[in-house]
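The values are calculated or read from the model by the stated rules, or taken from the named source; none is laboratory data. In this text the structure is predicted, and so the values were computed from the model without any measurement. FYI the Cβ positions are ideal-geometry reconstructions off the backbone, even for glycines, and counts take in every protein chain you see. With ligands, DNA and RNA removed, areas are computed over all heavy atoms of the protein, side chains included. Shrake-Rupley method; radii C 1.70, N 1.55, O 1.52, S 1.80 Å.
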Amino acid sequence: MATLLYIHGFNSSPLSAKANGLKQWVKEHYPHINMVVPQLPCYPQQAAVMLEDIIVQHQDEPIGLVGSSLGGYFSIWFSQRFQLPAVVVNPAVRPFDLLQDYFGENTNPYTDEKYFLEPKHMHELKALHLPQITSPDLIWLLQQEGDEVLDYRQAVSYLAKCKQTVEPCGNHAFVGFEAYFPQIIHFLRLAEEMK
């Protein structure tokens, strides 16, 4: 077996269109791949602990990461820490700046869970920030310039030494994500683990 860990974004869930689309496609084309899509806790440190536990549980088999938005931020951290290949889709690279706009009570639209963001949670996020990417060959950036939530130039600059596919237009959800499914599996080196 091989494991594909999909890490969803801020205020998202395993029910997101990208996660569901990829999971269905993987199930059909690569049944040997166990795609794990956890519902992350709302707080960064708790989310990081959960993700590390999952990675450690599967460390004796091939693992690849796919992360969207804030999930991309987590994916970069864990890719470099555990030397795992990762595909990051319109990733947040400085979420501790962006999410200050969400201080106070929030509600996850997928789960209806209410939670309260405070400055300490930005410190938890900042603790996962890497000043530079030490193993750029492990990361593939999928970025659309039409992202209305994040400034795409931040990711392009931060991941300058990584493989990049930057498309004009698009949006934060990443239009046409499904076109990349086969390439994602190959980049993550999960396709050859069929035996």
Complete set of residues in region 144-166 that are in a loop (DSSP other than H, G, I, E, B) and open to solvent by 40 Å² or more (accessible area, probe 1.4 Å): 145, 148, 149, 151, 160, 161
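Rundown of residues vs (1) more than 28 Å from residue 156 (Cβ to Cβ); (2) out of contact with any Asp or Glu (no Cβ under 9 Å at 6 or more places or on another chain); (3) polar (S, T, N, Q), yes/no style:
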{"residue": "42", "(1), (2), (3)": "yes, no, no"}
{"residue": "55", "(1), (2), (3)": "no, yes, no"}
{"residue": "61", "(1), (2), (3)": "yes, no, no"}
{"residue": "64", "(1), (2), (3)": "no, yes, no"}
{"residue": "68", "(1), (2), (3)": "no, yes, yes"}
{"residue": "79", "(1), (2), (3)": "no, yes, yes"}
{"residue": "86", "(1), (2), (3)": "no, yes, no"}
Reported set for region 167-195 where residues are among the β-branched types (Val, Ile, Thr) and open to solvent by less than 60 Å² (accessible area, probe 1.4 Å) is 184, 185
Inspect region 109-117 for any residue being within 21 Å of residue 154 (Cβ to Cβ), in contact (Cβ under 8 Å) with a residue 24 or more places away in the chain and within 20 Å of the chain's Cα centre (by Cα) and give the result as yes or no. no
Among the residues of region 38-69, the number that are within 20 Å of residue 126 (Cβ to Cβ), open to solvent by 20 Å² or more (accessible area, probe 1.4 Å) and not in a loop (DSSP other than H, G, I, E, B) is 5
Within region 80-94, work out how many residues are surrounded by 24 or more Cβ atoms within 10 Å (Cβ to Cβ) and either in contact with a Pro (Cβ under 9 Å, 6 or more places away or on another chain) or of a type outside the set (S, T, N, Q) (or both). 6
